[in-house]
Amino acid sequence: MNPVESIFQEFIDSIQTASEAVEFERVATRLTERLGFQRFAYLRLTGDTPTLISSYPKSWTSRYFQLGYQQLDPVVRRARVEHALFSWGGGGSAPVGNREQRRFFDEAATFGIRSGVTMPIRGGFGRMAAFTLATDDRDVQTERLVADWKDLVHLVGLYFHSHVAARLDVPSTDKLAGSELTQRERQCLAWIAQGKTAADIAVLVQIAPRTVVFHLENARRKLGAASIAQCVAEALRRGLLS
């Protein structure tokens, strides 16, 4: 097992047992440190109600919400419209946004939040979330961070978002809504969640690739998802793959 796989497996093993916000914070903090970052933040916006789990300084997060910075924050604004992992801040980056937004970044920097990578997570009905890994290194090349950690942070963001939703605020009856998934459909989704392709899964479970696609599409339809990635996130959110 290579180092990246080891880090991801440790994260998956740890998050399975998390059931409270403080436990999710502990798991994500450990991952953050292993990847060479200093801080992490998971922010979910549902209407006007924010949910935050992070290792950012409490003095900063209190001020952030007190002043309504979630409406100003250029990273959050970008996460609302983008779908892929992106970087921000760092050496060589041009100033971002208007004067007020640049002042926001300057203020965040005083709390040790200078640059990082963010994974947008899209939900239905205008809901969104973002999983961020941040550093206080003013000279870091953020494009390199994306290149190094793109696939890992993508999966971590989805897993974290799904498990937080499943453990903290989803009623138990929601799990029953996915009970119509067959064992094979769950199996194929679980492998996809671990980054396997349909061809990989076909070898692992000894069925034809087209049969794998058939099971994935059935699961997607049953969970009302627009894509396989969204289907995986929804299945994780409901606790169907744990």
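A few notes on this one:
- Helix 228-237 axis, angle to the chain major axis (alpha carbon atoms, nearest 10°): 80
- Once the 1.4 Å probe is applied to the protein heavy atoms, the range 1-137 comes out at 50 Å² accessible per residue.
- Taking the protein heavy atoms of the chain in the context of the full set of protein chains, the accessible area attributed to carbon and sulfur is 50 percent at 1.4 Å.
- With helices as the sole contributors, the chain gives -16500 deg cm²/dmol at 222 nm; each DSSP H run of n ≥ 4 counts as -39500 (n - 2.57), and the sum is divided by every residue.
- Using a Förster distance of 30 Å, the FRET efficiency for T17-T51 (Cβ separation, nearest 0.05): 0.90
- Given the choices [x] 1.04; [y] 1.34; [z] 1.00, Cα Rg over 2.2 N^0.38 Å derived from the coordinates of this structure is entry [x].
- Signed unit charges on C-beta, dipole axis of the chain, positive-most listed residue P74, V4, A147: P74
- Most to least packed among 15-23, 192-200 [average Cβ atoms within 10 Å]: 192-200, 15-23
The values are calculated or read from the model by the stated rules, or taken from the named source; none is laboratory data. The structure displayed is predicted, hence computed values, not measured ones. Ideal geometry is used to build each Cβ from the backbone, glycine not excepted, and the neighbour counts take in all protein chains shown. Only protein heavy atoms, including side chains, enter the accessible area calculation; ligands, DNA and RNA are left aside. Shrake-Rupley method; radii C 1.70, N 1.55, O 1.52, S 1.80 Å.
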